[in-house]
Amino acid sequence: MIKMLAGKTYRLRISNVGTALSFNFRIQNHRMVLVETEGSYTQQIELNSLDVHVGQSYSVLVTADQLESDYYIVATPTQVEINDSDINGVAVLHYSDSETPAAGPLPAGPHPLDRVFSVGQARSIRWNMTTGAGRPNPQGTFNVRNVTISQTFVLRSSKETIRGFARYTVNNVSYMTPQTPPKLADYYANGSGVYRLDAFPFASVNPEAALETSVVSGTHKAWVEIVFRNEQEAMDAWHLDGFSFYVIGFGDGEWAPASREGYNVWDPVVRSTVQVYPGGWTAVLAYLDNPGMWNLRSQLLENWYLGEELYVRVYDADPNPAKELPPPGNLLLCGRPLSILTNQNHI
Ligand SMILES: [Cu+2]
């Protein structure tokens, strides 16, 4: 139950901390004003309902401007065919002087399979040019109109069978978790024996589904364009560690270089997790100014666990600890680097 005083305005933070399903969020008889998502101030659009995909967060403002009463707050699965209403999340908005329980049917949202609504709303979520907030772009602007793209990754996710087991793949490669964390392998052994740098096909599809510890080079202090293609039947959501990215486009079907003409390079929001619709694509831009070994993954737990991820190695030869701290003295060395350092054979 959320309590509100009549006439006041409240900020609600809404996060999808689920592992599989997108949801649509709404409040009976109340509209919401979208103000923020994952650190970006958004254009303040008024909404009856809001789609929140796995791993995403939003802030909305809600004004208690209705009759003193209780009202339903609901979150229902969206972009999926589910007939089980038990899966609905229901809460109550309680006006402090209300003695009237919430009543009536739960407020209706868009049809769960209404893709046009969902994509349309996603496209309408844009950077707010008039708030006095820090500019996210290191070049000092809000837009990404004039950036030079140095790399393009086209990442196709699908579900395959490898050695008799169901696996999720990216460009037909399913991530295999090594004994040694990639960061340790990189720092102590240049990846040797743990991963093969850039063996991963970042712009093509492996002829056969395979297992690999995928690590791709991301160029330090350069812009990377990442296109996520969803070749599954269900929604997907991708998360990048280490950076936020600019969400510049959603499209149906295949992505092609000509799809860039439809990008929003004027006022895209900057966020950490983005949805990818089944059979469609989502394009983002990231400025790789943060050295490290960064995980790029499906935020859907089953997909992630079964291989829909890779690492992006952003290397900076400068040992300046202001950029990347050296490992602490008590760092646990597990896996292969330990055997190299101690010259013993560990598994
Ligand atoms: Cu992260």
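Brief remarks on what is shown
- Residue among Ile73, Ile82 that alone is surrounded by 21 or more Cβ atoms within 10 Å (Cβ to Cβ) and either in a loop (DSSP other than H, G, I, E, B) or in contact (Cβ under 8 Å) with a residue 12 or more places away in the chain (or both): Ile73
- Of all residues in the range 26-46, those satisfying the criterion of being within 15 Å of Asn128 (Cβ to Cβ) and of a type outside the set (Asp, Glu) are Val33, Leu34, Val35, Thr37, Gly39, Ser40, Tyr41, Thr42, Gln43, Gln44, Ile45.
- Within the range 188-204, the set of residues being touching a strand residue (DSSP E or B) at 6+ places or on another chain (Cβ under 6 Å) and surrounded by fewer than 20 Cβ atoms within 10 Å (Cβ to Cβ) comprises Leu197, Asp198, Ala203.
- Filtered residues of the range 288-321 (kept if open to solvent by less than 50 Å² (accessible area, probe 1.4 Å) and either of a type in the set (Lys, Arg) or assigned to a strand (DSSP E or B) (or both)): Gly292, Met293, Asn295, Leu296, Arg297, Ser298, Glu309, Leu310, Tyr311, Val312, Arg313, Val314
- The single condition from (1) farther than 30 Å from Ile248 by Cα; (2) in contact (Cβ under 8 Å) with a residue 24 or more places away in the chain; (3) of a type in the set (Ser, Thr, Tyr) that Ser57 fails is (1).
- Search result, residues across the range 275-285 that are under 23 Å from Ser158 (Cβ atoms) and outside any loop (DSSP other than H, G, I, E, B): Gln275, Val276, Gly280, Trp281, Thr282, Ala283, Val284
- Residue count for the range 10-48, restricted to those that are open to solvent by less than 60 Å² (accessible area, probe 1.4 Å), assigned to a loop (DSSP other than H, G, I, E, B) and over 30 Å from Tyr305 (Cβ atoms): 2
Conditions tested, residue by residue: (1) more than 29 Å from Val80 (Cα to Cα); (2) within 16 Å of the ligand (Cβ to nearest atom); (3) at pLDDT 95 or above.
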site: Arg135; (1), (2), (3): yes, no, no
site: Val147; (1), (2), (3): yes, no, no
site: Phe153; (1), (2), (3): no, no, yes
site: Tyr188; (1), (2), (3): yes, no, no
site: Gly193; (1), (2), (3): yes, no, no
site: Glu212; (1), (2), (3): yes, no, yes
site: Ser217; (1), (2), (3): yes, no, yes
site: Glu233; (1), (2), (3): no, no, yes
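- Conditions (1) farther than 25 Å from Arg260 by Cα; (2) more than 16 Å from the ligand (Cβ to nearest atom); number of the one not met by Asn290: (2)
- Residue tally, condition more than 16 Å from the ligand (Cβ to nearest atom) and part of a strand (DSSP E or B), over the range 247-274: 6
The values are calculated or read from the model by the stated rules, or taken from the named source; none is laboratory data. Source: prediction; values computed, not measured. Neighbour counts are summed over all protein chains in view; Cβ atoms, including those assigned to glycine, are modelled from backbone coordinates with ideal geometry. Surface accessibility is based on the protein's heavy atoms, side chains included, excluding ligands, DNA and RNA. Shrake-Rupley method; radii C 1.70, N 1.55, O 1.52, S 1.80 Å.
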